[in-house]
Amino acid sequence: MRNRRFLLSRLVKEEIERSSSQGLEAALAEECRKLASTGFRIPDKEGRPTSNPVTIDRRKLDRIAAGDEGVNLRLWELRLLASYFERNQGIDLSETPVFEKLSFYEPLTKGGKVSFLFGLRPEPSERANSLRLWDLRSMTVIAEEAYQTGHRLELDWRFVETAPANILEGKSEGWNFVSIGSPRANVATEVLLSKMFGTTPFQSEPGHPRLPFPFSFVWPQPLRSTFATPVTSLQATVGADELAALKSGRASAMLINGRAHVVEDSYTQATIPGVIAAQRMIDERIVVVVAGLSGPATFGAANLLKDLAAELPPASAVPDHASVMWAAIEVHVVAKADAFGDPRVPDKWAFITAPEVWSPSGRLATTRK
């Protein structure tokens, strides 16, 4: 049952956070009195039914909230908790699974504040900057899923033209960040990925050695990015036709765990790669990157975020030594010849790799769903 959580553990934990263990203990005693008036009976120490109001000890409530698998729950205690949550929160435990799938959105939204970071595309002829439609669609998908958690949310979005190193500052405590788009589309992604992986942004130059990260982008046009790999370094990795397409600017690619995923620009249909990366930082804030090789792949990564059933590694007390949870994805895209405007239509998406934990010393583990 890995990546599953006992539903009552979450419900009890949230109640304790609202009112304390002592407060919940008292509330359950009151619930027991209400139930007693309907004929609810609890066995005493000798197993005889009694109408005396009782409750669940606060120490046991703390163990339930902590997910202690050794805690003993009696049937009447389950009935009492079920009655309490139905009466006070409208949650009918008879219609709810006993275990719930861990959602990546829980830690992302728990603080109630999420800020989206977008890149802008210069439009010199219009003397303006434009926001990519695919990035906006990706944000919409993530926001809709975030609201499904039931947490009260304050959403914010920032449009990033330059990349200040202190991009996470200027926000009060409790804000989590989601950067949308690849480093080419969004300089905020370059900065956040560099913070996650403990390196310096914008380091890439032609001929630089391949960095020990699990993924990188390959663009024909030179881009100063720590997470870009030059086309020339792929000579032993891809076939002659793919290499020629990359060199001539007719294709781009991603390197994922050493394997090249090449996509030619003039396709009628293609499978386009992308990546999701997330980290719990030293101040407990969560930063997330959803980045595709193209806009439709970023959109697919945003849709897969809800299926990222893995727990974030704990924050590291040592700067630049925190672990990163990441997963590679792929999106099938069809280019419709008769479409008005952007002809690309993503119709399905999936994980290429299971979520993995990367540390400064290399890959730690694979998190199975």
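Laboratory data are not the source of any read-out in this text; all were calculated from the coordinates shown. Computed from a predicted model, the values in this text were never measured in an experiment. So basically every Cβ, Gly included, is an ideal-geometry build from the backbone, and we count neighbours across all protein chains shown.
Worth a mention:
- DSSP-defined beta bridges in the chain - what % are antiparallel, rounded to 5: 75
- Positive end of the dipole of the chain (Cβ unit charges, origin at the Cα centre): among PHE227, LEU308, PHE197, the Cα lying farthest that way belongs to LEU308.
- Neighbour-count order for VAL54, VAL12, fewest beta carbons within 10 angstrom listed first: VAL54, VAL12
- Only Cα pairs under 8 Å and 6+ residues apart enter the sum, and on that basis the relative contact order of region 215-319 stands at 19 percent.
- Placing unit charges on the Cβ atoms of the charged side chains and taking the dipole of the chain about its Cα centre, the candidate lying farthest along the positive direction among ALA240, GLY150, LEU35 is LEU35.
- Computed over the chain: relative contact order in percent, which uses C-alpha pairs under 8 Å that are six or more apart: 14
- Computed over neighbours whose Cβ is under 13 Å from that of ARG87, the net charge equals -2, Lys and Arg +1, Asp and Glu -1.
- Segment VAL318-SER37, extension gain: residue separation times 0.36 nm, minus the distance between their alpha carbons: 95.5 nm
- Cβ charges +1 (Lys, Arg) and -1 (Asp, Glu), total dipole of the chain, debye: 560
- Kyte-Doolittle at least -0.5, axis length at least 15 Å by Cα - qualifying DSSP helices, the chain: 7-36, 75-89, 133-147, 187-197
- Calculated on C-alpha atoms, the gyration radius of the chain divided by its Kirkwood radius gives an Rg/Rh of 1.08.
- Counting all C-alpha pairs of region 60-143, share separated by more than 14 Å (%): 79
- Residues THR237, THR200, ranked from the fewest to the most other C-beta atoms within 10 Å, line up as THR200, THR237.
- The count of lysine pairs in the chain with alpha-carbon distances below 19 Å, taking only pairs 8 or more places apart or on different chains, stands at 15.
- Region 230-369, Rg to Rh (Cα coordinates; Rh as Kirkwood inverse mean 1/r): 1.03
- Distance cut-off 22 Å, percentage of C-alpha pairs in region 4-101 lying past it: 26
- Over region 4-101, Cα pairs under 8 Å with separation of 6+ residues give a relative contact order of 40 percent.
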